[in-house]
1. Could you please find all residues in region 148-161 being under 30 Å from Ala247 (Cα atoms) and buried (at least 23 other Cβ atoms within 10 Å of the Cβ)?
2. Can you tell me which residues in region 102-126 are within 27 Å of Ser56 (Cα to Cα) and touching a helix residue (DSSP H, G or I) at 6+ places or on another chain (Cβ under 9 Å)?
3. I'm trying to understand the selection: among the residues of region 91-125, which are of a type in the set (Lys, Arg) and closer than 15 Å to Tyr136 by Cα?
4. Evaluate the following for Pro231: is it under 27 Å from the mean Cα position of the chain (by Cα) and over 14 Å from Gly184 (Cα atoms)?
5. The conditions are (1) over 29 Å from Thr212 (Cβ atoms); (2) open to solvent by less than 40 Å² (accessible area, probe 1.4 Å); (3) outside any strand (DSSP E or B), and Ile66 fails exactly one of them. Which is it?
6. Which of the numbered conditions does Asp97 fail, given that it passes all the others? Conditions: (1) among the charged types (D, E, K, R); (2) assigned to a loop (DSSP other than H, G, I, E, B); (3) more than 30 Å from Asn180 (Cα to Cα).
7. Which one is farthest from Ile66 (Cα to Cα), of the residues in region 162-210 that are in contact with a Ser or Thr (Cβ under 7 Å, 6 or more places away or on another chain), open to solvent by less than 20 Å² (accessible area, probe 1.4 Å) and of a type outside the set (Ser, Thr, Tyr)?
8. Within region 211-251, restricting attention to residues that are among the small types (Gly, Ala, Ser) and outside any loop (DSSP other than H, G, I, E, B), which residue is surrounded by the fewest Cβ atoms within 10 Å (Cβ to Cβ)?
Amino acid sequence: MQKKFSIYQFLLLALVFTSCIKQEVTPLGDEGKTFVKILGGGNTANEANNYIDFISSSQKILAVDIRRDAANNADLNKSVTVVIKDDTTAVRAANADYIDFPAAWYTLESDAVKSGGLGGTYSLTFSPGEFAKQIYLVIPDATVMDPSSTYAMGFTITSVGDGASVSNAKSMVVTIGAKNAYDGVYEDAFTFYHPTGNPGYTGDVVEVHMITTGSNTCKIYFPDFGDFYNPIFFNGSVTAFGAQEPAYTIDPITNKVTVQNTYVGAVTFYTMAAGFDSHYDPATRTYYVKFGYNYDPGGVFNAATSREWTQTLKYLRPR
């Protein structure tokens, strides 16, 4: 009786093992199909962010990487033609403030053929054995760009030939922005003086963004307030003055820093504090500045009238 049980047990285990093997090799629903996709793309456009240096020298960025996922060797050894739309609608859907990247500002480095201008199409062909195609943009002069704006291009696969199918990963919006060497997210350790609002000259430590507005100028952006503000400490809390948008300009030879209010319609303008070495340290990527307004002549602090910032802005990471 014990021997019979062992045989039955063995047969049962063999049946279970065979069933498991069958489950593992059951074909998936899409098996046997060849798909063409944009690497990192989506059914609706995913975004890929690119920043380039705000310089007049040529730079190259990868716009999109198109892949062929072949079902088998026979499909891989076919030619497949792909049509990609210059998808301005996807750009608008991603962000209404994005600006279409002007064609005059770049050239394509790719065997894709563009036709129809803005909103037209790119055509490319996978030769037998090819599984990857790239479209690069060569930008000869980034200084034509407005560094406070974000430019964008949309790419959506609309059709493929030779029996292949369009993947769900078919669409991408590529954003392009310009940054100088001083751009980034910074720790702002500051103190602020105001004769009535903060006579103790106290401050705080906050995160700010230094955003490129020129080849060697950044304007300070305060994320806690969602706009271009310089933090102050006033009546016991961190806040900011309206109608003031300080821009920090670094002399590329001496690394001296000057700060000025760039708010449109501004009536308050700054002077660098006398006797303080306001400068940028490129080795540590740190700003050391002291500036304000309502000084005595020559940038001399006056406790009765002056408003003054002392700031150490230390680089944390790219924004």
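The values are calculated or read from the model by the stated rules, or taken from the named source; none is laboratory data. Keep in mind it's a predicted model, so treat the numbers as computed, not measured. Note that each Cβ is placed from the backbone with ideal geometry, even for glycine, and that neighbours are counted across all protein chains shown. Calculation scope for accessible area: heavy atoms of the full protein, side chains included, ligands and nucleic acids excluded. Shrake-Rupley method; radii C 1.70, N 1.55, O 1.52, S 1.80 Å.
1. The answer is Ala152, Met153.
2. Within region 102-126, the first condition is being within 27 Å of Ser56 (Cα to Cα), and the residues that meet it are 102-114, 117-118.
Residues satisfying the conditions are Pro102, Ala104, Trp105, Lys114, Gly117, Leu118.
3. To start, the set of residues in region 91-125 that are of a type in the set (Lys, Arg) comprises 92, 114.
Once the filter is applied, which keeps residues that are of a type in the set (Lys, Arg) and closer than 15 Å to Tyr136 by Cα, region 91-125 yields only Lys114.
4. Working: under 27 Å from the mean Cα position of the chain (by Cα): yes; over 14 Å from Gly184 (Cα atoms): yes.
Criteria met by Pro231.
5. Answer for Ile66: the failing condition is (3).
6. Asp97 satisfies all of (1) among the charged types (D, E, K, R); (2) assigned to a loop (DSSP other than H, G, I, E, B); (3) more than 30 Å from Asn180 (Cα to Cα) except (3).
7. In this case the residue turns out to be Phe190.
8. At the first step, the residues of region 211-251 found to be among the small types (Gly, Ala, Ser) are 214-215, 226, 236-237, 240, 242-243, 247.
From the residues that got through so far, the ones that are outside any loop (DSSP other than H, G, I, E, B) too are 214, 237, 240, 247.
Working: Gly214: 14, Ser237: 8, Ala240: 16, Ala247: 20.
Per the stated criteria, the residue is Ser237.
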